[in-house]
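**Q** Structure below; questions to follow.
The values are calculated or read from the model by the stated rules, or taken from the named source; none is laboratory data. Quantities reported herein were computed from a predicted structural model and do not represent experimental measurements. Cβ: placed from backbone, ideal geometry, glycine included. Neighbour counts: every protein chain shown. Keep in mind that these areas ignore ligands, DNA and RNA; they rest on the heavy atoms of the full protein, side chains included. Shrake-Rupley method; radii C 1.70, N 1.55, O 1.52, S 1.80 Å.
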Amino acid sequence: MHGMSPIRRLTVSPVDPDPALIAEAAATLRGGRLVAFPTETVYGLGANALDEAAIARIYAAKGRPESNPLIVHVADASMAARVVASWPASAEALAEAFWPGPLTLVLPRRPELPLAVTAGLPAVGVRVPAHPVARALIRAADLPIAAPSANMYMGVSPTTADHVAKGFGGRDADVLILDGGPATVGLESTVLDLTCPVPTVLRLGGLPVARLREVLGEVAVLAIEPGTASLPSPGLARRHYAPRARLVLVPDGDILVAEAARLLAAGARVGAMVRHAPMALPVGLALEVMPGEPAAYGAKLYAALHALDELRLDHLLVEAPPADEAWAAVHDRLRRAATP
Ligand code: TXA
Ligand code: MG
């Protein structure tokens, strides 16, 4: 095992985690090491947000460019004051309405926050996760926890501890995994910038934009087309959340079945994600039948991508979801996954 640190795993109840195990994970964080933990969106790879060396370990473990800022997780809105320098009325209203939950607020950072957390930006993303294990961990550590999704850079985000273990497996990663069951939201948080004149969504996610409008009125949504050269939010790489298979969005089920049959006949390994099981299934097609409702689809999306990716497919055909706004976050992730 020369040079290899085994990945350790602690299994806890998702609703009522054992305080002794949480204390062990909290001590690991306080010691400057990494802990992967469940949130309601995806698993995070956490480190003490105030410890520059610990932050460097996150970037190294993920193979992530240091130009890509990290979200800081806190136990409640009052703890956000440890990392943000201002707290406008809009933040108060949003925290009241949606925290704990899948919403990240981008606000001016406090000077004592290591620059590496925000990748040098003057603002920091902060959120209060809803998962009882995440909240217990933050409280026990009594620290703001910086945590990106616990996947290798450009990989599919993890919604289970198994996804995390497989993603870092075989690498020299010193990571303690807290296994608190599957993430229920399944898509990353919605990232909202409150430092601009009109609050602006930088990343679509688990909290629908319509819900933000109910509280704020006007909300802008950054239109980030895959391939955009300059990125206002550095984490918005055009290819992201990507499986190893070549993913193609197909307008409907019939076209998908025909295309799958053609690729299979040519000897390729083919998988598909559809919203209705086709009447006649081509032999050899690996199929994931997805929910017909956007929140449930989002909750299953990464697990389906992980499962299909294990099959080492050449092609992954995905039936495009409906075009309405309720599906916007799912569309966003699928388009990024489809970008070669
Ligand atoms: O649901 C989530 O947000 C998960 C869980 C673990 O909380 N975290 C997550 O982190 O998705 P990550 O690092 O995979 O994506 C965070 C993204 C960045 O890539 C960037 O687009 C945006 O959030 N972001 C973070 N801090 C920012 C900042 N200071 N300014 C602008 N965008 C920021
Ligand atoms: Mg990520």
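**Q** Once amide H atoms are placed 1.01 Å from N in the peptide plane, what residues at a sequence separation of 5 or more from Arg203, or on another chain, have their amide H within under 5 Å of its amide H?
**A** Val191
**Q** Could I ask something else about it? Enter the accessible area per residue of region 25-123 (Å², integer; probe 1.4 Å; all protein chains in place).
**A** 35
**Q** Let me ask you something else. Name the shape class, rounded, prolate or oblate, that the alpha-carbon gyration tensor gives for region 288-330, where a ≥ b ≥ c are the square roots of its eigenvalues, rounded holds for a/c under 1.5, and otherwise prolate holds if a/b is larger than b/c and oblate otherwise.
**A** prolate
**Q** Next question. Show me, for region 179-187, the HN-Hα J-couplings you get by feeding each phi into the Karplus relation (A = 6.51, B = -1.76, C = 1.60, θ = phi - 60°), rounded to Hz, glycine and proline as x.
**A** Listing the rounded values in order: 8, x, x, x, 6, 8, 6, x, 10 Hz.
**Q** List, in order, the whole-Hz ³J(HN,Hα) value for each residue of region 191-201 obtained from phi through the Karplus relation with A = 6.51, B = -1.76, C = 1.60 and θ = phi - 60°; use x for Gly and Pro.
**A** 9, 10, 8, 9, 8, 9, x, 10, x, 10, 6
**Q** ³J(HN,Hα) across region 205-212 via Karplus (A = 6.51, B = -1.76, C = 1.60, θ = phi - 60°), whole Hz, x for Gly/Pro?
**A** Result, rounded to whole Hz: x, x, 9, x, 4, 4, 5, 5.
**Q** Now for a separate question. Helix 52-62: angle to the longest alpha-carbon principal axis of the chain, degrees 0 to 90, nearest 10?
**A** 10
**Q** Follow-up question, since we're still on this one. In degrees from 0 to 90, rounded to the nearest 10, what is the angle of the helix 132-141 Cα long axis to the longest principal axis of the chain?
**A** 30
**Q** Separate question: Name the residues whose placed amide hydrogens come within less than 5 Å of the amide hydrogen of Arg246, ignoring near sequence neighbours (fewer than 5 apart) on the same chain.
**A** His315, Leu316
**Q** Order of 148-157, 243-252 by packing, highest average Cβ count within 10 Å first?
**A** Working: 148-157: 22.6, 243-252: 16.8.
So the peptides 148-157, 243-252, ranked by packing, come out 148-157, 243-252.
**Q** Could you please state how large a percent of the accessible area of the chain is carbon and sulfur, counting protein chains only and using a 1.4 Å probe?
**A** Carbon and sulfur together cover 57 percent of it.
**Q** Continuing with the same structure: On the principal axes of its Cα set, how long, how wide and how thick is the chain? Give whole Å, largest value first.
**A** 59, 55, 38
**Q** Continuing with the same structure: Using a simple charge model, +1 on the beta-carbon of Lys and Arg, -1 on the beta-carbon of Asp and Glu, nothing else, what dipole does the chain show about its Cα centre, in debye to the nearest 20?
**A** 780
**Q** Show the residues, 5+ positions off or on another chain, whose built amide H is closer than 5 Å to the amide H of Gly44.
**A** Here Phe37, Thr39, Ala150 satisfy the definition.
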